[in-house]
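Okay, so here's the structure we're looking at.
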Amino acid sequence: MTSDELLAFDRQHIWHPYSSISKPLPMYPVESASGVRIRLTDGRELIDGMASWWSVIHGYNHPVLTAALQEQAAKLSHVMFGGLTHEPAVTLASILVEITPDPLDLVFFADSGSVAVEVAMKMAIQYFHAAGRPSKKRFLTIRSGYHGDVFHCMSVCDPVNGMHQIFKGVLPEYFFADRPECSFYDEWDKNDLNSFEKLIEEQHDSLCAVILEPIVQGAGGMRFYHPEYLRRVRELCDHYDVLLIADEIATGFGRSGKLFACEHAKIAPDLLCLGKALTGGYMSLSAVLASRKVGEMISKGDPGVFMHGPTYMANPLACAVANASVTLLLESDWQHNIYNLEKGLQLGLAPCTDFKNVADVRILGGIGVVEMREPVDMAHIQPAFVEKGVWVRPFGRLVYVMPPYCMEQEDLAVLTAAICEVLDGEQSK
Ligand SMILES: *Cc1c(COP(=O)(O)O)cnc(C)c1O
């Protein structure tokens, strides 16, 4: 198949993320990828700013990860997890228990981030059911959040950009506190918590859990909020006997400058969702970590088991590559790499601050965000980035990057310069 034939079939028959069938946006066929470069079938190479949505932290086609996958495939690619277990799953669970905050002692493996969120939400409901308080079955979250695209995840995504009106009557309706306004770098203002505090005080009898993304709100707005907000949320959850679910699917494994973003606030959640970078971007795998308190309560109640078990649970290939990825991360000087990314992003994106079409530039760890005043025109801006030799995929008003941790300063400089040039060009339009 030539790339023209491939593109023609793709255009006719294949859905892409958040895509239209009748008005598809430009599409680029990829031949291979290595390190921080994505190679297109026409031979062009793009410096990757997206890490394939937070996941490719070590770069593409990493020899250690590829070898781990191949070795595992030669032994055991999959076996059902009901009644059977295996070394890759046990090793991975032991690493995750070790590196996550203390009370998180139990591991549930699932096949994608969204499923991990569903699992954590089900655990929270089963926890209070088992505790003899079945009326505590609703959720409280904060606006501008993102937790995945399946139904229960959607019900706690931001109600506006999560399109709740389309699904009204089908989505469960939960509670939304105002989004935190006090940024990571601002001085803490305790009024930032007013809306959350009021809701949890009024609704705690019906709440099983608060769910949020700690410190970094990802796809719901790319915002960085104050650690004190999270510390206070933890206190309020304890005070009102509500579980705290931390969705670290985007932030887990170092992206925000801490191994887990909860560490910025020195708190531990009752349930923690991991995904995305877990396998270094090789394949889909997620995990929910739970405290023993949660696990034991669920197991005491009726039906005495946790009611979930995906077919590909703890897939050995995914677990083996996750083991390799997490070990590689922990053995690397990742703090230093993230620090360098942060400095390079600050320097490289600084010129955007002066553009009249730019509302805000913000950076935290390995995440750089340029928030525009108006939504970008994807049909125009996407080819402009590709022309400059970089892969940047904006959405709405957000032009953002979270490069692989191994990106060298030279490549980072090319990436940020391309963003500045393209956005500068947009000013005169
Ligand atoms: C991406 C993401 C999810 C959903 O993960 P999928 O693997 O896409 O299902 C959930 N929560 C957060 C914070 C995410 O960034």
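The values are calculated or read from the model by the stated rules, or taken from the named source; none is laboratory data. All values reported here derive from a predicted model rather than from experimental measurement. When we count neighbours, we look across all protein chains shown, and the Cβ atoms used for this are built from the backbone with ideal geometry, even at glycine. Side chains are part of the model used for accessible areas, which takes the heavy atoms of the whole protein and leaves out ligands, DNA and RNA. Shrake-Rupley method; radii C 1.70, N 1.55, O 1.52, S 1.80 Å.
Remark: pairs (first residue in region 111-128, under 19 Å from Y146 (Cβ atoms) and hydrophobic (A, V, I, L, M, F, W, C); second residue part of a helix (DSSP H, G or I) and more than 7 Å from the ligand (Cβ to nearest atom); Cβ separation under 7 Å; 6+ apart in sequence or on different chains) = M121/H152. Looking across region 135-178, not a single residue is among the polar types (S, T, N, Q), more than 23 Å from G396 (Cα to Cα) and open to solvent by 80 Å² or more (accessible area, probe 1.4 Å). Selection over region 407-429 of residues that are open to solvent by 60 Å² or more (accessible area, probe 1.4 Å) and at pLDDT 95 or above gives a count of 6. Residues in region 32-63 that are open to solvent by 40 Å² or more (accessible area, probe 1.4 Å) and within 16 Å of the ligand (Cβ to nearest atom): S52, W53.
Residue selection: D158 fails the criterion of being among the acidic types (D, E) and more than 14 Å from the ligand (Cβ to nearest atom). Quick check: is even one residue across region 222-244 open to solvent by less than 10 Å² (accessible area, probe 1.4 Å), part of a loop (DSSP other than H, G, I, E, B), away from the ligand (no atom under 15 Å from the Cβ) and closer than 19 Å to M121 by Cβ? The answer is yes; a qualifying residue exists. Residue pairs whose Cβ atoms lie under 7 Å apart, separated by 6 or more positions or on different chains, with the first residue in region 137-158 and closer than 18 Å to L243 by Cα and the second basic (K, R) and surrounded by fewer than 22 Cβ atoms within 10 Å (Cβ to Cβ), are I142/R179.
Of everything listed in (1) over 19 Å from G254 (Cβ atoms); (2) touching a strand residue (DSSP E or B) at 6+ places or on another chain (Cβ under 9 Å), the single unmet condition for A51 is (1). Examine region 87-106 for a residue that is surrounded by fewer than 22 Cβ atoms within 10 Å (Cβ to Cβ), more than 30 Å from L243 (Cα to Cα) and not charged (D, E, K, R), and state whether such a residue exists. No: zero hits. Is one or more of the residues making up region 71-85 among the acidic types (D, E) and either open to solvent by less than 50 Å² (accessible area, probe 1.4 Å) or within 16 Å of the ligand (Cβ to nearest atom) (or both)? Scanning region 71-85, I find no residue that is among the acidic types (D, E) and either open to solvent by less than 50 Å² (accessible area, probe 1.4 Å) or within 16 Å of the ligand (Cβ to nearest atom) (or both), so the answer is no. Of the residues making up region 308-351, those that are in contact (Cβ under 8 Å) with a residue 24 or more places away in the chain and part of a loop (DSSP other than H, G, I, E, B) are H308, G309, P310, T311, Y312, M313, A314, N315, S332. Does region 274-296 hold any residues that are of a type in the set (S, T, Y), within 12 Å of the ligand (Cβ to nearest atom) and either buried (at least 24 other Cβ atoms within 10 Å of the Cβ) or assigned to a strand (DSSP E or B) (or both), and which are they? Matches in region 274-296: T279, S286.
Counting just the residues of region 112-135 that are charged (D, E, K, R) and within 27 Å of the chain's Cα centre (by Cα), which one comes out nearest to the ligand (Cβ to nearest atom)? Per the criteria, the residue is E118. Sub-8 Å Cβ pairs linking a first residue in region 382-394 that is closer than 17 Å to M407 by Cα to a second residue that is assigned to a strand (DSSP E or B) and open to solvent by 40 Å² or more (accessible area, probe 1.4 Å), at least 6 apart or interchain, are G389/E45, ordered by first then second residue. Pairs needed: first member in region 35-62, assigned to a strand (DSSP E or B); second member anywhere, away from the ligand (no atom under 16 Å from the Cβ) and polar (S, T, N, Q); C-beta distance under 6 Å; at least 6 residues apart or different chains. Listed by first residue and then by second, the contacts come to R39/S32; Y60/S34. Just so you know, in region 136-151 the residues that are part of a loop (DSSP other than H, G, I, E, B) and within 13 Å of A209 (Cα to Cα) include one that is nearest to the ligand (Cβ to nearest atom), and it is K137. Inspection of region 297-307 finds a residue satisfying the criterion of being open to solvent by less than 50 Å² (accessible area, probe 1.4 Å) and in a helix (DSSP H, G or I).
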